[in-house]
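The values are calculated or read from the model by the stated rules, or taken from the named source; none is laboratory data. All values reported here derive from a predicted model rather than from experimental measurement. FYI the Cβ positions are ideal-geometry reconstructions off the backbone, even for glycines, and counts take in every protein chain you see.
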């Protein structure tokens, strides 16, 4: 039996519409998956804190921290000196050295400080060199949290990975390498201390009169 052309045309149009709808559903699902991955990356920054969680801790203090806010002088901005914060802690039994990481907690492993084989336990303001330290510099108006980790190790770390003033997506691998001694065995970390504070772009602070039209440089 022959199918009239008008019915054949209707069948073809319906099929095209159905396929088009399926295609739209796939695109929508893909977009949703991409957004989910993006959100995970955005909040997956503090690999140091996650790895150290559960280990023994000790107290670290800083005179450059006031009411939970880092002093402007530690920032790499037009109002700062790009000077590393003062740090102090009690010597840890069995520790031959200390490792320092300063991480922007709101990013994917952005490092601001990386010092290896530290033997002092009293670091004055501005102690770190320019190759090891780059202070907070938020140019978009947000308030970020910056954590400084002091890690006591049994044996010195041969090479401390991580790029200062840069995002480090593999920060979890870097901190894991700190826990690996020169002989290749794990468990090199004895304990750690952390001191944390926030920093906000000066142009967006409610308690300051700052010309928001002036250039913001780092």
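Output the residues belonging to segment 54-64 that are within 19 Å of residue 151 (Cβ to Cβ) and in contact (Cβ under 8 Å) with a residue 24 or more places away in the chain. Matches in segment 54-64: 55, 56, 57, 58, 59, 60, 61, 62. Of all residues in segment 162-173, none are free of Cβ contacts under 8 Å to residues at least 40 places away in the same chain, surrounded by fewer than 19 Cβ atoms within 10 Å (Cβ to Cβ), more than 17 Å from the chain's Cα centre (by Cα) and in the same structural domain as residue 106 (by TED's automatic domain parsing). Among the residues of segment 65-73, is there at least one that is assigned to a loop (DSSP other than H, G, I, E, B), assigned by TED's automatic domain parsing to the domain that holds residue 171 and in contact with a strand residue (DSSP E or B) (Cβ under 7 Å, 6 or more places away or on another chain)? Within segment 65-73 (the criterion being assigned to a loop (DSSP other than H, G, I, E, B), assigned by TED's automatic domain parsing to the domain that holds residue 171 and in contact with a strand residue (DSSP E or B) (Cβ under 7 Å, 6 or more places away or on another chain)), the answer is yes, since at least one residue qualifies. Considering segment 127-143, and only residues there that are in contact with a strand residue (DSSP E or B) (Cβ under 6 Å, 6 or more places away or on another chain) and modelled with pLDDT under 90, the residue that is nearest to residue 111 (Cα to Cα) turns out to be 138.
Please verify whether segment 88-96 includes one or more residues that are outside any loop (DSSP other than H, G, I, E, B) and either surrounded by 15 or more Cβ atoms within 10 Å (Cβ to Cβ) or assigned by TED's automatic domain parsing to the domain that holds residue 195 (or both). Taking every residue of segment 88-96 in turn, at least one turns out to be outside any loop (DSSP other than H, G, I, E, B) and either surrounded by 15 or more Cβ atoms within 10 Å (Cβ to Cβ) or assigned by TED's automatic domain parsing to the domain that holds residue 195 (or both). Taken over segment 52-62, the criterion of being touching a strand residue (DSSP E or B) at 6+ places or on another chain (Cβ under 8 Å) and in a loop (DSSP other than H, G, I, E, B) is satisfied by 55, 56, 58, 59, 62.
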